[in-house]
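As structure tokens, the structure follows; a few thoughts come after it.
Every number here is computed from the coordinates shown, using simple stated rules; none is lab data. Keep in mind that this is a model prediction, so the values were computed, not measured. Don't worry about glycine lacking a Cβ; one is built from the backbone with ideal geometry, like all the others, and counts go over all protein chains shown.
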Amino acid sequence: MTERVSVRPVTVPEFRAAKARAERLVVVTAYDFPSAQLADAAEVDAILVGDSLGTVVQGHANTIPVTLGQMAYHTEMVARATRRALVIADLPFGSYQESSRQAVRSAIRLLKAGAAAVKIEGGARMAATLAALVRADIPVMGHVGLTPQSVHQMGGFKVQRAQETILADAQAVTDAGAFALVIEGVPATIGQAVTAAIPVPTIGIGAGPDCDGQVLVWHDLLGLFDAFRPKFVKQYANLGDLTREALQQFRDEVREGRFPGPEHSFK
């Protein structure tokens with residue numbers, strides 16, 4: 001009988017305290033059991049069940065169509081696979097904008113699905129909502145700068161350069177009780193300024209090297225999504241080509257009668 005090794009999970013307080021220890025935080029998105037299992041085995045600090053699944057999994061042009069039910073479904077799969085990493089789930093568009101009460105109900109659903117925390121987009125305008133979630137004992141990660149759910153308001157996925165506004169948003173979110181903050185799509189100087197200004201960890205995605213940690217989308221860093229590649233993405237492997245080659249080899253062997261062979265058949 002194989003003994004299961006005990007793994008100490010990353011907690012919200014530990015994640016927040018990493019900034020004081022000057023420890024860089026590693027975050028990656030995942031949307032299903034095998035992906036989360038691999039990410040957890042790689043000892044990342046947090047797995048974000050991002051509404052980015054709308055583009056890289058569902059094939060939409062943006063994240064707007066993703067529903068709360070879909071987020072709960074994917075969160076359940078990720079949570080089942082994860083033993084160490086902190087699981088954070090995105091509140092999708094339409095699940096928290098109406099009222100703080102709606103936001104709390106939506107967040108509770110994701111926590112019941114297995115998340116340890118939720119993430120919401122928006123700065124000062126969402127501070128009251130974020131504070132209501134924190135009062136309900138729900139850990140919240142903020143998200144400022146380029147906020148994908150505001151794609152229509154922003155006129156597309158554009159780098160955000162209004163430093164004073166972004167700094168004010170970051171401060172408002174922090175004051176409301178966020179335990180960490182994603183900064184997306186801003187010049188490196190703004191990422192650096194925000195990181196220096198607030199006491200909680202900043203997690204950059206296209207925000208330069210001076211943030212307290214970094215996050216990338218699973219399909220981007222592994223070469224599994226080629227519809228577009230933002231400048232801030234580094235591709236660490238090209239699994240898209242490897243997968244395509246494997247499927248082509250399977251196709252050829254089936255058509256030529258080389259698979260299955262005797263070693264794949266029952267006697």
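Some points to look at:
- Electrostatic bookkeeping for Ala107 treats Lys and Arg as +1 and Asp and Glu as -1; over the other residues with beta carbon under 13 Å from its beta carbon, the sum is +4.
- All lysines inside 24 Å of Lys158 as judged from Cα atoms, apart from same-chain residues fewer than 8 positions distant: Lys119, Lys231, Lys234
- Our coupling estimate for the range 227-235, obtained by passing each phi through the Karplus curve with A = 6.51, B = -1.76, C = 1.60 and θ = phi - 60°, is 5, 7, 10, x, 4, 7, 7, 10, 8 Hz, Gly and Pro reported as x.
- Cα-derived Rg to Rh of the chain, Kirkwood definition: 1.03
- Residue-wise HN-Hα couplings along the range 105-119, as the Karplus relation 6.51 cos²θ - 1.76 cosθ + 1.60 with θ = phi - 60° gives them from phi, are 4, 5, 5, 4, 4, 6, 5, 5, 7, x, 6, 9, 7, 10, 10 Hz; Gly and Pro carry x.
- For the range 157-171, backbone phi angles converted through the Karplus equation (6.51, -1.76, 1.60; θ = phi - 60°) give residue-by-residue couplings of 7, 10, 4, 9, 10, 7, 4, 4, 5, 5, 4, 5, 5, 4, 5 Hz, Gly and Pro being listed as x.
- For the range 109-144 versus the range 4-55, the inter-centroid distance based on Cα atoms is 17 Å.
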